[in-house]
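Take a look at the structure below.
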Amino acid sequence: MQEKFEEFYNYYQKDINMYYNELKANMKKYIIQSILISLLLSCVFVISTYTLISYNLNIFKLDILLCIAFTVVMLGTAFVRLKNDRIKKNEKIILDIIKYISKDSSAVYYKDKMINQKHIEEMELFNLHNLKYGGENYISAKYNNNNMNFADMDIYYYKDKIDEKTLYDKNGREYIQKITRKVKKTVFSGCYISATLNKKISDHIYLIPNNLEDLFINGKLNDYITYSGNLIELENLDFSKKYKVYSENEIQARYILTLNLMEKINNIDKIFDNKKYIVFKEGRRFAICIENFKIEDIRKATLPFSYNSKNKKENLKYIFENIFNLFEIYNILDLGNDVYIK
């Protein structure tokens, strides 16, 4: 990965220079605007107090303090605007990195868009009849002649919670007032990745985390996670500790989940050490849901203000590495193109 990043860093120097030239120009513009607005407000205030109030030393001191306050507030506003500009520019940086890694100049990234709910339902992983779905940071690109989609995803539901409050009536008698409120319960929050495959399979294969005890607190597992088929015991002990495998077609599941592929899936932990759900869908698609990892965190990992900052390269490397790792998921889970299962 380091070599790939160094190649990108050298390739991207012109864009980095443009980024900082725009940032410098905006900083100058926002500071000038802030000073002018604070001066204008200060003048209005001074003229008003001078006209309406008997002017004395105390009023003069108050005017000075308010002028300083106006300036501080407006400069603070300028830096907030600059921060938002940097986050917005990060969206372009992310898209440029996606295009560079995937070699797809038509790749897209939409901050406020989520993967279509119908597509999530087709993967038959989360039970959206009982749950709600939200998301953002949609990315789509072609990679190795296959389509890949990424997006942040939240799966949740609302549960009634009853709060009890002790009150007293006008005669001093105690009574309990019950108040029902909705409490949001999150089933999954993280990143959703799906891709087409070079191999067609005939039945779903589900890899469900082997530690979902927390979901049994408020309901049955099938209230949240949908899967079909029988539990299949596989030979890789480390793999079986992490995942339970379900499929209607045990022969196919064993054929797909070779010792080599199970070891590669185990190695995903070296990239994303989080709880993961994986589905090989009937047809030519897989999906993986990585908990507690979000593209939004990458979007907010902005480059520093100064071009000469030693963190400039490190921050860009952080963004590049995370995007690179998302695409690396494909290289791990791709089933190859040498076998066709009817």
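The values are calculated or read from the model by the stated rules, or taken from the named source; none is laboratory data. Remember, predicted model here, so these are calculated numbers, not experimental data. Methodologically, a virtual Cβ is constructed for each residue, glycine included, from the backbone with ideal geometry; neighbour enumeration extends over all protein chains shown.
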Going by the conditions given, is residue 301 among the small types (Gly, Ala, Ser), under 24 Å from residue 23 (Cα atoms) and within 27 Å of the chain's Cα centre (by Cα)?
yes
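If only one of 223, 169, 214 is surrounded by 12 or more Cβ atoms within 10 Å (Cβ to Cβ) and at pLDDT below 85, which one is it? Lay out the reasoning, then the answer.
Details: 169 fails: surrounded by 12 or more Cβ atoms within 10 Å (Cβ to Cβ); 214 fails: surrounded by 12 or more Cβ atoms within 10 Å (Cβ to Cβ).
Result of the check over 223, 169, 214: 223.
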For segment 75-120, give me the residue count where each residue is surrounded by fewer than 19 Cβ atoms within 10 Å (Cβ to Cβ), outside any helix (DSSP H, G or I) and of a type in the set (Val, Ile, Thr).
1
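Take the residues in segment 145-200 that are in a strand (DSSP E or B) and of a type in the set (Asp, Glu), then tell me which one is nearest to the chain's Cα centre (by Cα). So that I can check it myself, show each step before the final result.
At the first step, the residues of segment 145-200 found to be in a strand (DSSP E or B) are 146-168, 174-200.
Still in the running and of a type in the set (Asp, Glu): 152, 154, 160, 163-164, 174.
Numbers: 152: 4, 154: 9, 160: 28, 163: 33, 164: 37, 174: 49 Å.
So, considering only residues that are in a strand (DSSP E or B) and of a type in the set (Asp, Glu), the one nearest to the chain's Cα centre (by Cα) is 152.
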Does residue 139 fit the bill of being more than 24 Å from the chain's Cα centre (by Cα) and of a type in the set (A, V, I, L, M, F, W, C)?
no
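Here are some residues: 98, 205. Which one is aliphatic (A, V, I, L, M) and in the same structural domain as residue 231 (by TED's automatic domain parsing)? Before the answer, list the steps.
Values: 98 fails: in the same structural domain as residue 231 (by TED's automatic domain parsing).
One residue alone meets the criteria, 205.
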In segment 215-229, is there at least one residue being farther than 22 Å from residue 293 by Cβ, more than 28 Å from the chain's Cα centre (by Cα), of a type in the set (Ser, Thr, Tyr) and not assigned by TED's automatic domain parsing to the domain that holds residue 130?
no
Cross-chain or 6+ apart pairs with Cβ under 9 Å, segment 7-23 first and farther than 16 Å from residue 311 by Cβ and at pLDDT below 90, then loosely packed, with under 11 Cβ neighbours inside 10 Å and not basic (Lys, Arg):
none
Name the single residue that is nearest to residue 276 (Cα to Cα) among those in segment 147-166 being surrounded by 10 or more Cβ atoms within 10 Å (Cβ to Cβ) and hydroxyl-bearing (Ser, Thr, Tyr).
156
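Within segment 130-141, does at least one residue satisfy the condition of being in contact (Cβ under 8 Å) with a residue 12 or more places away in the chain, in contact with a strand residue (DSSP E or B) (Cβ under 8 Å, 6 or more places away or on another chain), outside any strand (DSSP E or B) and surrounded by 13 or more Cβ atoms within 10 Å (Cβ to Cβ)? Lay out the reasoning, then the answer.
Filtering segment 130-141 for residues in contact (Cβ under 8 Å) with a residue 12 or more places away in the chain gives 130-141.
Cutting the leftovers down to in contact with a strand residue (DSSP E or B) (Cβ under 8 Å, 6 or more places away or on another chain) gives us 130-141.
Add one more test, that the residue is outside any strand (DSSP E or B), and what stays is 130-131.
This time we only want the ones that are surrounded by 13 or more Cβ atoms within 10 Å (Cβ to Cβ), so: 130-131.
Yes, segment 130-141 contains at least one residue that is in contact (Cβ under 8 Å) with a residue 12 or more places away in the chain, in contact with a strand residue (DSSP E or B) (Cβ under 8 Å, 6 or more places away or on another chain), outside any strand (DSSP E or B) and surrounded by 13 or more Cβ atoms within 10 Å (Cβ to Cβ).
Filter segment 314-335 for residues that are assigned to a loop (DSSP other than H, G, I, E, B) and either in contact with a strand residue (DSSP E or B) (Cβ under 6 Å, 6 or more places away or on another chain) or at pLDDT 85 or above (or both) and give the result. Before you say what the answer is, go through the steps one by one.
Step one: filter segment 314-335 for residues assigned to a loop (DSSP other than H, G, I, E, B), giving 334-335.
The one that is assigned to a loop (DSSP other than H, G, I, E, B) and either in contact with a strand residue (DSSP E or B) (Cβ under 6 Å, 6 or more places away or on another chain) or at pLDDT 85 or above (or both): 335.
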For residue 277, state whether it is farther than 28 Å from residue 141 by Cβ, touching a Phe, Trp or Tyr at 6+ places or on another chain (Cβ under 9 Å) and of a type in the set (Phe, Trp, Tyr).
no
